[in-house]
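*Asks:* The structure is given below, and queries will be raised subsequently.
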């Protein structure tokens, strides 16, 4: 057997890590039911599968967060036990989760040297810490002052810091859990450049993505998981529809099954909406039966506008009218009463009470209306929740299952579901399918179709351009806090949208 | 607790896991019955009930707050202040006792509202806001009473007595307040909103729950329960004392936590809190009967609190 030092300099293509017959059960669910995986040095290995297929469990085993019930993991041909983050680190396995492991209050440099800061005479050597950070950030190719608190960075830069952190640990296996889910097209390109460079340096990268078009672009090989089993290992050049077939075990006819509905009365009218320094003079309307997409780079002010419209945040000027009623500023309750609903971008942080059960979550919005003389009609609430849960096809053991234990797609269905229970007329969806598998995506699109067919209106913010193009009737493009253009969905290309999204906005007061 | 866990385990095992505090209470009662001949008598058990009453009533109020993810350190002081106000308005100011009682309850509610206003609108952490109120309410009790006990009106003092010859009224009040707490938490809008706010305040707000208003209700309820506890305590002693119930807030919080609530919010039941308060009272009573020194009793109770929460945490880690 080779020593680990020698192993670190192994040539491309040699096997670094092998997982054999991994099994892991949780109460009520067999998350992994026989998974094999081989990783070679200098490859990008895509892990593909629907939510609940076992990807998260697999990477948690490789990073030491879970112990498998059966099967084994070999590194450099030697069986290893990964009992925790420390073991994973020693073996050179680093993981970048969707929820970053960064301390927002600390600076970039402090985060990069977290737990092992350079020391001088027993005290932290700040100068050296910053130098080391600069070298790492340079390698990742990101222009960030290492003295900036991480909390002030945007999501894309936080991710770069995460990658830099993995490099600091000298990782030879880098696991990335849906790194592109939160990025815009331009940022994805940058990320790919970094990933390719790492691969050329001999790092083995496990890449999880739900964007099929990314697979051929960045991947070398693909392992497909389904229902806790590894069902195929194929080259990354495999055609998309074939990949989908293997992944879901059935063909999906259409990724974006938009069925346009007839346009009716304007249900939501926003005019001159302005919050100084955040968004500026935003006006648009959404009619009954319409899906209006909102495209733009991250930071263009889309989410901020949506939150202001819904009353979650206040604004300085302008007005919001829903079904003829002008809404007071910053009043969620009034917006809700008028028939507005918001499915926020951060599902877990803002959409769900994770520790509560499905029934409770579905009934959150209607709880007030279901209250008579102070008492909540819990049986009635439960009945309404059961109906919507069935309509949405939420995969659950029952309404009393904690939402924490649901997969991402099913969690998102619960967030949307609470507005269905409330019968919202205008639904604002902020990144509705982020981090959701193809099957659940299509189900959500079909739900959007049902809503518009029933005369409801949808305002959909998304950074996923194919989704915006495929599901919207009209597309609004934002840049630097301004609405810079409106495009019909028919005949518009991704390039048309991007060209608008990166326009320099003259006279915008938003930087 | 997710249902798929329940599906896996046998019904009995999951019942034990869900009602750990109750099981601990039963074990404690059985053990003490074997160790001490005096423990398992009606007189002694009712005595335990009386001992538990004030803590339990305070703890029911604290349960509301803890379910929202907050904390109320002021309940002991507010209890003392409310009792002093009752005694003072009835004796020195000469108000009829029902009016004095109403004023006393109002004082508890106002203290709670001030706490909530500081927290909801002033954005103070609950720990700080209620720590301030702990000092303020205690100080006001001392100012009003000028540091001396004030006799309670006789009509109110009957609360410290018994129905018939045996059933202590504090026990009855405790049970009634417990039922009220259970109904509020399980059935009413403010109660359900407390769970949502404690589980995820932002999600609750974005679901149209008026979070600030609900916090006002939550802390007002805690203040009202504290006032009732203060009146019961003063009735037993037949006088309101400005230093009464000092430190009781910690017993109340301990009872809530032993009962299975989580200090991070979203979790807690009135029945659990009741059991938690009984465990503390049974433990103190039993240790007295076994002639364990008061010094060692504090050690034992500290260990029990740590163990209760530890077991709960381990159990949850095992299932997630």
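*Asks:* Quick one: would you say residue A:59 is farther than 30 Å from residue A:147 by Cβ and more than 14 Å from chain B (Cβ to nearest Cβ)? Step through it out loud before you land on a result.
*Replies:* Details: farther than 30 Å from residue A:147 by Cβ: yes; more than 14 Å from chain B (Cβ to nearest Cβ): yes.
Criteria met by residue A:59.
Here is a yes/no grid of residues against (1) within 30 Å of residue B:315 (Cα to Cα); (2) in a helix (DSSP H, G or I):
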{"residue": "B:31", "(1), (2)": "yes, yes"}
{"residue": "B:43", "(1), (2)": "no, yes"}
{"residue": "B:51", "(1), (2)": "no, yes"}
{"residue": "B:65", "(1), (2)": "yes, yes"}
{"residue": "B:69", "(1), (2)": "yes, no"}
{"residue": "B:77", "(1), (2)": "no, yes"}
{"residue": "B:81", "(1), (2)": "no, yes"}
{"residue": "B:84", "(1), (2)": "no, yes"}
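*Asks:* One residue is enough: does region A:266-273 have a residue meeting the conditions surrounded by fewer than 19 Cβ atoms within 10 Å (Cβ to Cβ), within 22 Å of residue A:500 (Cβ to Cβ) and at pLDDT 95 or above? Spell out how you get there, then give the answer.
*Replies:* Kept after step one, since they are surrounded by fewer than 19 Cβ atoms within 10 Å (Cβ to Cβ), are these residues of region A:266-273: A:266, A:269, A:271-272.
Still in the list and also within 22 Å of residue A:500 (Cβ to Cβ): A:271-272.
Next, from what is left, pick out any that are at pLDDT 95 or above: A:271-272.
There is at least one residue in region A:266-273 that is surrounded by fewer than 19 Cβ atoms within 10 Å (Cβ to Cβ), within 22 Å of residue A:500 (Cβ to Cβ) and at pLDDT 95 or above.
*Asks:* Select from region A:291-300 the residues that are crowded, with 24+ Cβ neighbours inside 10 Å and modelled with pLDDT under 95 and write down the one among them that is farthest from residue A:476 (Cα to Cα).
*Replies:* A:300
*Asks:* If you scan region A:434-468, which residues turn out to be without any contact (Cβ under 8 Å) to a residue 60 or more places away in the chain and either assigned to a helix (DSSP H, G or I) or under 21 Å from residue A:306 (Cα atoms) (or both)? Steps first, please.
*Replies:* Just the residues of region A:434-468 that are without any contact (Cβ under 8 Å) to a residue 60 or more places away in the chain, to begin with: A:443-444, A:447, A:450-451, A:454.
The answer is A:443, A:444, A:447, A:450, A:451.
*Asks:* Looking at this structure, is residue A:327 within 14 Å of chain B (Cβ to nearest Cβ), over 30 Å from residue A:436 (Cα atoms), touching a strand residue (DSSP E or B) at 6+ places or on another chain (Cβ under 6 Å) and crowded, with 18+ Cβ neighbours inside 10 Å?
*Replies:* Yes: the conditions hold for residue A:327.
*Asks:* Given the criteria out of contact with any helix residue (DSSP H, G or I) (no Cβ under 6 Å at 6 or more places or on another chain) and in contact (Cβ under 8 Å) with a residue 60 or more places away in the chain, does residue A:348 qualify? I'd like the intermediate steps shown before the answer.
*Replies:* Values: out of contact with any helix residue (DSSP H, G or I) (no Cβ under 6 Å at 6 or more places or on another chain): yes; in contact (Cβ under 8 Å) with a residue 60 or more places away in the chain: yes.
Yes: the conditions hold for residue A:348.
*Asks:* Shifting gears a bit: Restricting the search to region B:202-221, which residues are surrounded by fewer than 24 Cβ atoms within 10 Å (Cβ to Cβ) and closer than 15 Å to residue B:110 by Cβ?
*Replies:* Those that are surrounded by fewer than 24 Cβ atoms within 10 Å (Cβ to Cβ) and closer than 15 Å to residue B:110 by Cβ: B:216, B:217, B:220.
*Asks:* Mind listing whichever residues of region A:366-409 are outside any loop (DSSP other than H, G, I, E, B), at the interface with another protein chain (Cβ under 10 Å from one of its Cβ atoms) and under 22 Å from residue B:191 (Cβ atoms)? Please lay out each step first, then the result.
*Replies:* If we filter region A:366-409 for residues that are outside any loop (DSSP other than H, G, I, E, B), which is where we start, we get A:371-372, A:375-376, A:378-392, A:402-405, A:408-409.
Now drop any that are not at the interface with another protein chain (Cβ under 10 Å from one of its Cβ atoms), which leaves A:371-372, A:375-376, A:378, A:381, A:402-405.
Those that are outside any loop (DSSP other than H, G, I, E, B), at the interface with another protein chain (Cβ under 10 Å from one of its Cβ atoms) and under 22 Å from residue B:191 (Cβ atoms): A:371, A:372, A:375, A:376, A:378, A:381, A:402, A:403, A:404.
*Asks:* Would you pick out the residues in region A:336-356 that are within 8 Å of another protein chain (Cβ to nearest Cβ) and in contact with a strand residue (DSSP E or B) (Cβ under 8 Å, 6 or more places away or on another chain)?
*Replies:* Matches in region A:336-356: A:342, A:344, A:351, A:354, A:355, A:356.
*Asks:* Only one of (1) modelled with pLDDT of 95 or more; (2) surrounded by 23 or more Cβ atoms within 10 Å (Cβ to Cβ) is not met by residue B:182, so which one is it?
*Replies:* (2)
*Asks:* Need pairs with beta-carbon distance below 6 Å; first residue under 15 Å from residue B:250 (Cβ atoms) and within region B:298-316, second at pLDDT 90 or above; sequence gap 6+ or separate chains.
*Replies:* From region B:298-316, the pairs are B:305/B:254; B:308/B:258; B:309/B:257.
*Asks:* Okay, next question. Please go through region B:94-110 and pick out each residue that is buried (at least 17 other Cβ atoms within 10 Å of the Cβ) and assigned to a loop (DSSP other than H, G, I, E, B).
*Replies:* Listed by number, the list holds a single entry, B:95.
Here's the yes/no breakdown for (1) over 30 Å from residue A:349 (Cα atoms); (2) modelled with pLDDT of 85 or more; (3) touching a helix residue (DSSP H, G or I) at 6+ places or on another chain (Cβ under 7 Å); (4) not assigned by TED's automatic domain parsing to the domain that holds residue A:56:
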| position | (1), (2), (3), (4) |
| --- | --- |
| A:433 | no, yes, yes, yes |
| A:451 | no, yes, no, yes |
| A:462 | no, yes, yes, yes |
| A:511 | no, no, no, yes |
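*Asks:* For region B:156-275, which helices (runs of 4 or more DSSP H) that fit wholly inside it have 1 or more residues that are away from chain A (no Cβ under 14 Å) and more than 18 Å from residue B:79 (Cβ to Cβ)? Please lay out each step first, then the result.
*Replies:* Working: elements: B:169-187, B:189-199, B:201-206, B:211-237, B:248-258.
Once the helices (runs of 4 or more DSSP H) in region B:156-275 are filtered for at least 1 residues that are away from chain A (no Cβ under 14 Å) and more than 18 Å from residue B:79 (Cβ to Cβ), what remains is B:169-187, B:211-237, B:248-258.
*Asks:* Check residue A:319 against each of (1) closer than 21 Å to residue A:403 by Cβ; (2) more than 9 Å from every other protein chain (Cβ to nearest Cβ); (3) modelled with pLDDT of 95 or more and name the one condition it does not meet.
*Replies:* Here residue A:319 clears every test but (1).
*Asks:* Could you run through region A:89-128 and say how many residues are in a strand (DSSP E or B) and in contact with a strand residue (DSSP E or B) (Cβ under 7 Å, 6 or more places away or on another chain)? Spell out the reasoning first.
*Replies:* So the first thing to find is which residues in region A:89-128 are in a strand (DSSP E or B), and the list is A:93-96, A:107, A:119-120, A:123-124.
Within this subset, residues satisfying the condition of being in contact with a strand residue (DSSP E or B) (Cβ under 7 Å, 6 or more places away or on another chain) are A:93-96, A:107.
Qualifying residue count for the region: 5.
The values are calculated or read from the model by the stated rules, or taken from the named source; none is laboratory data. Model, not experiment: these values are computed from the prediction. Ideal geometry is used to build each Cβ from the backbone, glycine not excepted, and the neighbour counts take in all protein chains shown.
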